[in-house]
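The values are calculated or read from the model by the stated rules, or taken from the named source; none is laboratory data. Just so it is clear, the model here is predicted, and its values are computed rather than measured. Methodologically, a virtual Cβ is constructed for each residue, glycine included, from the backbone with ideal geometry; neighbour enumeration extends over all protein chains shown. For the accessible areas, the whole protein counts, side chains as well, though only heavy atoms, and no ligand, DNA or RNA atoms are used. Shrake-Rupley method; radii C 1.70, N 1.55, O 1.52, S 1.80 Å.
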Amino acid sequence: IVNNESSEIIRMLNAAFNRYTDDRTDYYPPPLREEIDRVNDLVYTTVNNGVYRTGFAKDQAAYEEAYRRLFARLDWLSERLESRRYLVGDTITEADIRLFTTLARFDAVYHGHFKCNRSKLAEMPVLWAYARDLFQTPGFGETIDFEQIKQHYYVVHVTINPTQIVPRGPDTSNWLTPHHRDELGGR
């Protein structure tokens, strides 16, 4: 694979190597594609890219607009996930994978470094339980290195962190606490 667009890489990995594996899980099933695409568009614009729009805003008005849109979408996601285990359908889809990458970095980086600080992920009960559910799913948590994530963001972005000081926190041991999302069903 030669590509640096995460959404395209996810689609390639979803099906391109099926002949080499016994895992035939389809994270972009045809009956759910329209809804997955709709959710992905909303999440990408206001959450995945929204944290960057907030963190790299060039003036107060741009910051406040990006901040407002980010937390409005996080509130929408919380409402959506309150009664369903996954974003689309009854199993993990591409939409969950794409949201997870931002949620996993939220408290460690985006809350402080990018000033997305209305509340931490750990203070948003539904999204926090959802993120822990995914983190504890095989293939998710073992891909996350919180120390490396912090090292990267706090050292590379010298325009917003000229001292390159990397914070010690937050404590990440709480990612393994019970989430009880399995009570919502799903597979």
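Data table
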{"item": "Segment 98-128 - residue that is buried (at least 20 other Cβ atoms within 10 Å of the Cβ), of a type in the set (A, V, I, L, M) and under 26 Å from Glu35 (Cβ atoms) and, of those, farthest from the chain's Cα centre (by Cα)", "result": "Met124"}
{"item": "Yes/no for Ile165 being outside any helix (DSSP H, G or I) and of a type in the set (Val, Ile, Thr)", "result": "yes"}
{"item": "Cβ-Cβ under 6 Å pairs, at least 6 apart or on other chains, segment 163-187 side over 30 Å from His113 (Cβ atoms) and among the hydrophobic types (A, V, I, L, M, F, W, C), far side at pLDDT 95 or above and open to solvent by less than 80 Å² (accessible area, probe 1.4 Å)", "result": "Leu184/Arg85"}
{"item": "Close pairs from segment 58-79: first free of Cβ contacts under 8 Å to residues at least 24 places away in the same chain, partner surrounded by 13 or more Cβ atoms within 10 Å (Cβ to Cβ) and among the basic types (Lys, Arg), Cβ under 6 Å, at least 6 apart", "result": "Ala66/Arg53"}
{"item": "Answer from Gln164, Gln136 - the residue that is more than 18 Å from the chain's Cα centre (by Cα) and either open to solvent by 40 Å² or more (accessible area, probe 1.4 Å) or not acidic (Asp, Glu) (or both)", "result": "Gln164"}
{"item": "Pair list, Cβ < 8 Å and 6+ apart or interchain, from segment 106-126 residues that are of a type in the set (Asp, Glu) to residues that are open to solvent by 40 Å² or more (accessible area, probe 1.4 Å) and part of a helix (DSSP H, G or I)", "result": "Asp107/Ala122"}
{"item": "Test result for Arg84, at pLDDT 95 or above, among the basic types (Lys, Arg), under 29 Å from Glu183 (Cα atoms) and part of a helix (DSSP H, G or I)", "result": "no"}
{"item": "Members of segment 30-62 found to be outside any helix (DSSP H, G or I) and open to solvent by less than 50 Å² (accessible area, probe 1.4 Å), listed by number", "result": "Asn49, Ala57"}
